[in-house]
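Let me begin by presenting the structure, written as structure tokens, before commenting on it.
The values are calculated or read from the model by the stated rules, or taken from the named source; none is laboratory data. Note that the coordinates shown come from a computational prediction; the quantities given were computed from them, not determined experimentally. Note that we place each Cβ from the backbone using ideal geometry, even for glycine, and neighbour counts take in every protein chain shown. Just so you know, the surface numbers come from the protein's heavy atoms only, side chains and all, with ligands and any DNA or RNA stripped out. Shrake-Rupley method; radii C 1.70, N 1.55, O 1.52, S 1.80 Å.
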Amino acid sequence: MFDEKFRNDGLLVIDRIFDPEMIGRVRETVAGWTGPIDPARPPVHLRVDEGRLHMPIVMEGPLLDPALLTHPILDRILSSLLGADYVIDNLSLVTALAGAPQMHLHRDLPPLFPERHGHADLPPYAVTMVVPLVATDDETGTTAIAKGSAAASRVGDEEIDPPADWVEPHVPLGGCFLMDVRSFHRGLPNRSARDRPLLYAMFSRPWFTDSVNFDYHARMKIDRDTFAGLSPVQRYRLRRAAAPGLIDKCAAAMDIVAPGEADGRWSKR
């Protein structure tokens, strides 16, 4: 089963799940966001490594298509890995600019319990979905993931490769890959003349949040009225946006709903 494979590998590659035309519309929507930024001198809060930018996502247009973040197949996978009450914790655009070198080996987040030796017995508590917004190949590069490294006991970024096989997923437009946030990985060089934009979405158990990577910009940006107009399923998954500082209303006031226990429908919490 896919959940057992993910728990073992810390990775699940899905060659096709989204409509390529929808991903094309997402790419067009985000294309203008880097317009005023000089890639040679980007603001400090956007630089994540040499030749790479980490930018906040504005939830609008095709980014609110229910077939993206709440796709039924994706929901089934994430519910199995994280529980049915999982949330969308954050969204961002990570772009490897043309000519970007290889990224350093790292984990996106430190281990949940760094004092423990190994984490093989801990189930996933956060999963990152990476959606390439352009077709990738050997020239554009991709993200290399150390298969099976989620359970590694090492802490922090390290130059020495973890004892694991490397996976370098190239998915067609409309594909994605899911990665345990504990997995070691690194962006490969972009040797092409075009940027390599990636949509990053982190899904988590409701008690966990990324407290490391969003010191300088919001974990998601969505207009209050836009949020109120979303479907019940979308509002439930994006309910973290109802926290103070994002949408300054509590979940109950925004009519957030949870899955019904008896018949599987969405009912008011």
query: From the list Asp3, Asp38, Asp15, which residue is among the charged types (D, E, K, R) and at pLDDT 85 or above?
result: Asp15
message: When the residues of region 76-135 are narrowed to those that are among the acidic types (Asp, Glu) and part of a loop (DSSP other than H, G, I, E, B), which ends up most open to solvent (accessible area, probe 1.4 Å)?
response: Glu115
- prompt: Which residue pairs have Cβ atoms under 9 Å apart, sit 6 or more places apart or on different chains, and have a first residue in region 211-224 that is farther than 17 Å from Ala201 by Cβ and a second that is of a type outside the set (A, V, I, L, M, F, W, C) and assigned to a loop (DSSP other than H, G, I, E, B)?
  reply: Tyr216/Pro43; Asp223/Glu60; Arg224/Asp248; Arg224/Lys249
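When residues of region 1-21 are filtered for being open to solvent by 70 Å² or more (accessible area, probe 1.4 Å) and either free of Cβ contacts under 8 Å to residues at least 24 places away in the same chain or out of contact with any helix residue (DSSP H, G or I) (no Cβ under 7 Å at 6 or more places or on another chain) (or both), how many remain?
8
Considering only strands (runs of 3 or more DSSP E) fully contained in region 157-269, which possess at least 2 residues that are over 26 Å from Arg16 (Cα atoms) and either modelled with pLDDT of 90 or more or not acidic (Asp, Glu) (or both)?
Once the strands (runs of 3 or more DSSP E) in region 157-269 are filtered for at least 2 residues that are over 26 Å from Arg16 (Cα atoms) and either modelled with pLDDT of 90 or more or not acidic (Asp, Glu) (or both), what remains is 257-259, 266-268.
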